[in-house]
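Heads up: the structure comes next, in structure tokens.
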Amino acid sequence: MSLSANQIGIDESICIVRVTRELILINPEIIEHSTDTFQFHESCISFPSTYVKVNRYKKIVVKSDNNGLLDFEFREYDNLNNIELACVQHEIDHLNGITMFDRKK
């Protein structure tokens, strides 16, 4: 399960991804990514019963506030599985006004 704040009417740059672990990203930004991608069939609670084939990066570096404080933490998400990687990228897209249809393969 994953969710971005703007999907539920909260005007904050926060998303939560819970697949095998819980990731809370505050003001997240992908600052680096691999050129290698994988294909993923995505769905979204904003578009129930709809699936779209999307290419996602195999490795990403995300900058986000550390626990809501003003210091920044740089995390390289290279140990996430494909579902977690797709969800993190999907939710950051939401925060930037991008839907899975904009990334459709």
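Looking only at residues of the range 6-18 that are among the hydrophobic types (A, V, I, L, M, F, W, C) and under 12 Å from the mean Cα position of the chain (by Cα), we find that the one that is surrounded by the fewest Cβ atoms within 10 Å (Cβ to Cβ) is Ile16.
Inside the range 79-104, can you point out the residues that are farther than 20 Å from Asn27 by Cα, among the polar types (S, T, N, Q) and part of a helix (DSSP H, G or I)? Selection gives Asn82 alone. Restricting the range 51-66 to residues that are of a type in the set (Lys, Arg) and either more than 15 Å from Ile16 (Cα to Cα) or not in a strand (DSSP E or B) (or both) leaves a set whose member that is farthest from the chain's Cα centre (by Cα) is Lys53.
Looking at the range 31-50, which of the residues that are among the polar types (S, T, N, Q), over 14 Å from the mean Cα position of the chain (by Cα) and not in a loop (DSSP other than H, G, I, E, B) is surrounded by the fewest Cβ atoms within 10 Å (Cβ to Cβ)? For the range 31-50, the residue satisfying everything is Ser49.
Read the figures in this text as sums done on the coordinates, not as results from a lab. Because the structure is a prediction, the values reported are computed rather than measured. Don't worry about glycine lacking a Cβ; one is built from the backbone with ideal geometry, like all the others, and counts go over all protein chains shown.
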